[in-house]
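Please read the structure below before turning to the comments.
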Amino acid sequence: MLKKKQFIVILTILISGQINFSQTGTIKGYVYDSIERGPFVGANLSLEKLDKQSSVDFDGNFVIDSIPIGTYDLKLSYLGYRDTIIKSVRVYNDSVVTLNITYLPLPCMYRDKNDKTCPICNKSDKVIPIIYGLPSPELVKDAEKGKVWLGGCQISFCMPHWYCKRDKKEF
Ligand SMILES: [Zn+2]
C-alpha cells in the first residue's frame with residue numbers, strides 16, 4: 001500500500017519594497033526538493049482564504065501577486081504528499097515577500113511495526129530496525145548504541161525494514 005508521504009518545511013523570508021501605489025503585495029519564492037536536490041516542480045501553493053494559487057515552475061519559482069495586505073496561511077501541496085501549511089505569512093503593502101522553502105521527508109514510524117521476527121533464524125533478539133529518511137536526534141542516539149541501522153532515504157518506500165545481526169540479512 002502506498003503511504004502518504006509527509007514533508008516538513010525549512011523557510012527563510014525576505015521582504016523587499018517596490019514603488020507602486022496599490023494596496024496589495026506579492027508572495028514569491030523558490031521551493032527546493034531536498035531529495036531530488038533540485039526544484040520541487042509542480043508543487044502547488046495556495047492562499048485558501050482568497051482562492052488564489054500558483055504552481056512551482058521548472059526553475060522552482062512561484063509567484064502569487066495582487067494579494068490584499070494582511071496575514072495569510074500558505075498551503076503547500078503536492079499529489080501523494082500530506083499538505084503543509086506555512087503559517088502567518090504577512091503581506092505588506094507595495095512589497096514582495098520572498099520565501100525560500102525547502103522540504104524534507106519526516107522520519108519513518110518504524111516503531112509502528114511489530115513483526116520483527118527474522119525469517120531465517122525465527123528470532124527477534126538480534127533484529128534492529130533500519131531507518132530511512134532523516135531521523136530525529138534521539139534516533140541518532142539509538143543508532144550510536146547500535147539499536148538502529150541508518151539507511152538511505154527511500155521516500156517512496158518509507159516503510160520499516162529490519163536487519164538481523166545474527167544472519168546479516170535485511171528483511
Ligand atoms: Zn536471523
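The values are calculated or read from the model by the stated rules, or taken from the named source; none is laboratory data. Every value quoted in this text rests on a predicted model; they were computed, and no experiment measured them. Heads up, the Cβs are rebuilt from the backbone with ideal geometry, glycines too, and the neighbour counts pull from every protein chain shown. SASA here: full protein model, heavy atoms, side chains in, ligands and nucleic acids out. Shrake-Rupley method; radii C 1.70, N 1.55, O 1.52, S 1.80 Å.
The table below lists the values:
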{"read-out": "Count of residues meeting criterion [at pLDDT below 85 and over 13 Å from K75 (Cα atoms)] in the stretch 20-55", "value": "8"}
{"read-out": "Residues of the stretch 59-81 satisfying the condition of being open to solvent by 60 Å² or more (accessible area, probe 1.4 Å) and assigned to a loop (DSSP other than H, G, I, E, B)", "value": "D59, I69, Y78, L79"}
{"read-out": "Residue within the stretch 89-112 that is within 16 Å of the ligand (Cβ to nearest atom), open to solvent by 60 Å² or more (accessible area, probe 1.4 Å) and at pLDDT below 75 present", "value": "no"}
